[in-house]
Amino acid sequence: MFRFKQFNVDQTGCAMKINTDGVLLGALAEADQPKTILDIGTGTGVIALMLAQRFANANIDAVEIDATASATAGRNFAGSPFAVRLNLYADSFESYFNKHPGSKYDLIVSNPPFYINSLESPGVKKSLAKHTDADFFETLVASTRKHLSDTGEFWLILPLQTAQLVKVMAVDNGLNLKQAINVLSYPDSDPHREILIFTLTKEKKMDEWFVIYQSQKYIRSSMKGR
């Protein structure tokens, strides 16, 4: 059980547990007073819950294809103070968009499966959660572009190699890269993730750097105090 300021997250049955990537995305994703938010691949529901906590006037839809994870997210939503603003759909994002062709969102977020054409990890559920291929991202980018509001933003977090591929796909599908946030473990380490922000407009902001830990010594000290 993970405890946040206003809610708890139970991870029972989820192949992919709460991780740094998801929490970073939930903490950093922004939009100008969003009224409608979509979380693609919600898993435990942690990102949707974080966004519901941060944006008190937003209604959040969350899509999760894995039945067990979807059930877990549903329980987490129902037990939160934001239950009335959270809607869970146990479906693939492709099917969800087909069923809701006119839906538009001010903010779409995703912490997607990201190992393209890599070895399958043990366990069917974990494989589904972590592995995908280029076709998945092509469909994700093309579908998302159709469901952004005029001023909407699409945020996703990816490893660097996958991020480069998605940048090209986004341009080919009429999305513009507003900003990239480079995520580093330590101040002197190389980036290992990129948070990409796409829009329909051509606004461009300077790329940023986000450092997770002050130092390895700081981590060891923090762990001793737990």
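The values are calculated or read from the model by the stated rules, or taken from the named source; none is laboratory data. Because the structure is predicted, anything quoted here is derived from the model rather than measured. Every residue, glycine among them, receives a Cβ derived from its backbone with ideal geometry; neighbour counts consider all protein chains shown. In case anyone asks, the SASA skips ligands and DNA or RNA and just uses the protein heavy atoms, side chains included. Shrake-Rupley method; radii C 1.70, N 1.55, O 1.52, S 1.80 Å.
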Gain upon complete extension [Arg75, Lys202; 0.36 nm per residue less C-alpha separation]: 41.8 nm
Table column - 3J(HN,Hα) (Hz), the stretch 76-81, Karplus curve with 6.51, -1.76, 1.60, x for Gly and Pro: 5, 5, 5, x, 9, x
Phi-based couplings in Hz for the stretch 54-70 (Karplus 6.51, -1.76, 1.60; Gly and Pro marked x): 7, 10, 5, 9, 9, 9, 10, 9, 10, 10, 8, 7, 6, 5, 5, 4, 4
P(r) tail fraction, the stretch 28-82 - alpha-carbon pairs more than 15 Å apart, %: 41
28 Å Cα-Cα threshold exceeded, pairs from Lys35/Lys205; Lys17/Lys204; Lys5/Lys202; Lys104/Lys202: Lys17/Lys204; Lys5/Lys202
Cleavage-rule hits (trypsin sites (Lys or Arg not before Pro)) in the stretch 1-100: DSSP loop, at most 15 neighbouring Cβ within 10 angstrom: Lys5, Lys17, Lys35
For the stretch 133-178: Kirkwood Rh in Å [reciprocal of mean 1/r, alpha carbons]: 10.9
DSSP-loop GluC sites (Glu not before Pro) across the stretch 1-103, with at most 15 other Cβ within 10 angstrom: Glu30
Estimated distance in nm for a label pair at Lys35 and Met169, the labels positioned 7 Å out from Cα along Cα-to-Cβ: 3.0
For the stretch 1-97: span of alpha carbons on each principal axis (Å, largest first): 33, 32, 25
Sequence of Phe2, Phe136 from largest to smallest accessible area, 1.4 Å probe: Phe2, Phe136
Note, ³J(HN,Hα) from phi for the stretch 17-34, Karplus 6.51, -1.76, 1.60, rounded to Hz, x at Gly and Pro: 7, 4, 9, 4, 4, x, 5, 4, 5, x, 7, 9, 4, 9, 7, 7, 6, x
Probe 1.4 Å, all protein chains present, accessible-area order of Asp150, Asp106, largest first: Asp150, Asp106
Length added when fully stretched, Phe210-Lys17, from 0.36 nm per residue minus Cα-Cα: 67.3 nm
